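First the structure, in the form of structure tokens, and then the observations on it.
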Amino acid sequence: MNYANVKFDQDAREKLIEGVNLIADAVEKTYGPQGKNVCIKYPSSVKITKDGATVAAAVNDPDPYISMGIEVMRDISVKTAQTIGDGSTTSLVIARALVNEFKDCENPIELSRELSQDCSKTIDYLKTFKREVTSPEDL
């Protein structure tokens, strides 16, 4: 018979957050114009990069629960890179801040609703600054 190793409540939350923080620590070093390069050791080579998505793809941990936190963050990074083409590091820094800020939240469903509403309001506000670019001079 196969038995699953199951964690829940605070034990599971702490391990997931540990994974979130592990990947964010590695990726945030590359953030912005003053960001640093990260050296990644692969079995047959070494890669030096400042690309957050590449760094995120290389982070791993032997603990399966920490790995779950890493995987959630990696998915955020990949989806950001695929959808926007840039900003994977920014998305991980923001995701980590949200996870750590609200880690003791009593009602995650309500929090998710509130964040969605706030996100919509923020997008609407940013759209008020939008300018159409039709020529190199507009840039």
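Which residue is surrounded by the most Cβ atoms within 10 Å (Cβ to Cβ), if the candidates are limited to region 76-105 and must be part of a loop (DSSP other than H, G, I, E, B) and not acidic (Asp, Glu)?
Pass one, region 76-105, residues part of a loop (DSSP other than H, G, I, E, B): 85-87, 102-105.
After this cut, where a residue has to be not acidic (Asp, Glu) as well, the list is 85, 87, 102-103, 105.
Numbers: 85: 8, 87: 16, 102: 14, 103: 13, 105: 11.
This residue is 87.
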Starting from residues that are of a type outside the set (A, V, I, L, M, F, W, C) and within 18 Å of the chain's Cα centre (by Cα), keep the ones in region 26-35 and report whichever is farthest from residue 95 (Cα to Cα). 35
Which numbered condition trips up residue 61, out of (1) at pLDDT 90 or above; (2) assigned to a helix (DSSP H, G or I); (3) closer than 27 Å to residue 6 by Cβ? (2)
The number of residues in region 40-75 that are touching a strand residue (DSSP E or B) at 6+ places or on another chain (Cβ under 9 Å) and exposed (fewer than 11 other Cβ atoms within 10 Å of the Cβ) is 3
Search region 5-25 for residues that are assigned to a loop (DSSP other than H, G, I, E, B) and pair each with any residue that is at pLDDT 90 or above when their beta-carbon atoms are under 7 Å apart and the residues are at least 6 apart or on different chains. 7/15; 7/65
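Residue by residue through region 48-90, note down the ones that are among the charged types (D, E, K, R) and out of contact with any Gly (no Cβ under 7 Å at 6 or more places or on another chain).
Of everything in region 48-90, those that are among the charged types (D, E, K, R) and out of contact with any Gly (no Cβ under 7 Å at 6 or more places or on another chain) turn out to be 51, 63, 71, 74, 75, 79, 86.
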Being under 19 Å from residue 9 (Cβ atoms) and either exposed (fewer than 10 other Cβ atoms within 10 Å of the Cβ) or in contact with a Leu (Cβ under 6 Å, 6 or more places away or on another chain) (or both) is the filter here, so list the residues in region 109-126 that pass it. 109
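The values are calculated or read from the model by the stated rules, or taken from the named source; none is laboratory data. Every value quoted in this text rests on a predicted model; they were computed, and no experiment measured them. Positions of Cβ are generated from backbone atoms using ideal geometry, with glycine treated the same way; all protein chains shown enter the neighbour counts.
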